[in-house]
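Peer 1: One structure, as structure tokens, below. Some questions next.
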Amino acid sequence: MASFHSLKTLAIVALAISSFVQVTLGDIACENLNENSCAFAISSNGKRCVLEKHLRRSGEEVYTCRTSEIEADKLKDWIETNECIEACGVDRNALGISSDALLESRFTNKLCSLACYKHCPNIVDLYFNLAAGEGVYLPKLCAEQGKSARREIAEIRSSGLVAPAPESEVKASNFMIAPAMPPF
């Protein structure tokens, strides 16, 4: 019985070491990741991994991980830690990549917390770029938490279709306003 326990322990240690070696050697391919490590991972070529859900004819839901076209800034070979998932308030089962979470004040509070913002560069980089795509500067949004953050979030909601503030107010607030889009 003791030898079975030893073999089981040895197998667990070997599995842990092989996973560490794979990550250390930089051999991460999104398509090889399971659904529990896909979201917020970055492949060896610096592309972000995305979790997708497919429905089979039988009605069974199947999750797959694939490489997106979105590049991470200066990061490669990265599987996000559970500590950062928790600290930043993201979901390991998130499907795709979206800026929608920035609309939720609870999420932005966690994203802007010291535990996330200072220690989780992968997640902060992702949401920095998503916010920028919506015309919002993430460091300013975090600095404004509790002050005029609602105004910044309103800009995200409207995708830049808010009426511009008077020029003196724009200078005073010192944040980016997305240019107005022409009506369709």
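The values are calculated or read from the model by the stated rules, or taken from the named source; none is laboratory data. Because the structure is predicted, anything quoted here is derived from the model rather than measured. Heads up: the accessible areas ignore ligands, DNA and RNA and are worked out on the full protein's heavy atoms, side chains in. Shrake-Rupley method; radii C 1.70, N 1.55, O 1.52, S 1.80 Å.
Peer 1: Using only protein heavy atoms and a 1.4 Å probe, report how much of Y137 is accessible, in Å² to the nearest 10.
Peer 2: 110 Å²
Peer 1: Sort L141, L95 by accessible area with a 1.4 Å probe, largest first.
Peer 2: L95, L141
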